[in-house]
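The values are calculated or read from the model by the stated rules, or taken from the named source; none is laboratory data. These figures come from a predicted structure and were not determined experimentally. Virtual Cβ from ideal backbone geometry, glycine too; neighbours counted across all protein chains shown. Each accessible area value is taken on the protein alone, full model and side chains, heavy atoms only, with ligands, DNA and RNA left out. Shrake-Rupley method; radii C 1.70, N 1.55, O 1.52, S 1.80 Å.
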Amino acid sequence: MNDLDRAMLLSVHPRFATAILAGSKTVEVRRQRVAAPPGTTVVLYATAPTMALVGLARIAAVKVGSPREVWSAHRTQTGISRREFDEYMSGATQASGLTLEAPQPFEEPVPLSALRAAGTFHPPQSYRYLKGEALRQVAEASPSAGTVLRGILGVPVPV
């Protein structure tokens, strides 16, 4: 399986999902090392109260370093204040800044209830990878999301 056969499922607060899809937030920060190659498709899951897949983006680059290094490199692109960043990174020794590009909102969000009706679906605390069957479940839960996934990933997911 190559990187075109999988996508990163990334859980984000609704405010950040909206900002990413609008293009005003281009860097998502994480407390751990993220080793995803450029070009990886990111499926955005907006957490409560939205609880739905809301769109896609693509990883342009990943900066791994200390929280200070990641903030210095990306502070204006994170969509958060220095105080929010420091609170989130409290106690972390390593951080990742995922530069996202080509945001594409879904025509209709794919609610968690529809995802669970299509199979066993569990949104991650931070992120995880979707492959094969999990991608097919997303496509089955939403025809419009399935069309977007086929176009982006080039994988055979049903209509």
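On the protein heavy atoms, probe 1.4 angstrom, tell me the percent of accessible surface of the chain carried by carbon and sulfur.
Of the solvent-accessible surface of the chain, carbon and sulfur hold 52 percent.
How high is the relative contact order of the chain? Use alpha-carbon pairs under 8 Å, at least six apart in sequence, and give a whole percent.
30 percent
In percent, what relative contact order does segment 19-70 have, based on Cα pairs under 8 Å that are 6 or more apart in sequence?
Relative contact order, segment 19-70: 33 percent.
At 222 nm, what helix-only mean residue ellipticity would the chain give, in deg cm²/dmol to the nearest 500, using -39500 (n - 2.57) for each DSSP H run of four or more?
The per-residue figure over the chain is -9000 deg cm²/dmol.
Pick from SER66, SER90, SER126: which residue has the top mean-square fluctuation in a GNM of the chain where Cα pairs under 10 Å get a spring?
Its mean-square fluctuation being the largest, the pick is SER90.
Only one of the listed values, [x] 10.3; [y] 9.2; [z] 8.6, was derived from the coordinates as mean projected area of the Cα convex hull in nm²; which label is it?
Entry [z].
Hey, how many Å between the Cα centroid of segment 1-56 and the Cα centroid of segment 72-102?
What the calculation gives is 14 Å, centre to centre.
Long-range amide H contacts for ALA61: which residues qualify at under 5 Å (H placed 1.01 Å from N, peptide plane, sequence gap of 5 or more or a different chain)?
THR99
Take each of the peptides 25-35, 127-137, average the number of other beta-carbon atoms within 10 Å over its residues, and list them starting from the highest.
By packing density, highest mean first, the sequence is 25-35, 127-137.
For TYR129, list long-range residues whose amide hydrogen, built 1.01 Å from N in the peptide plane, is under 5 Å from its own amide hydrogen.
LEU9
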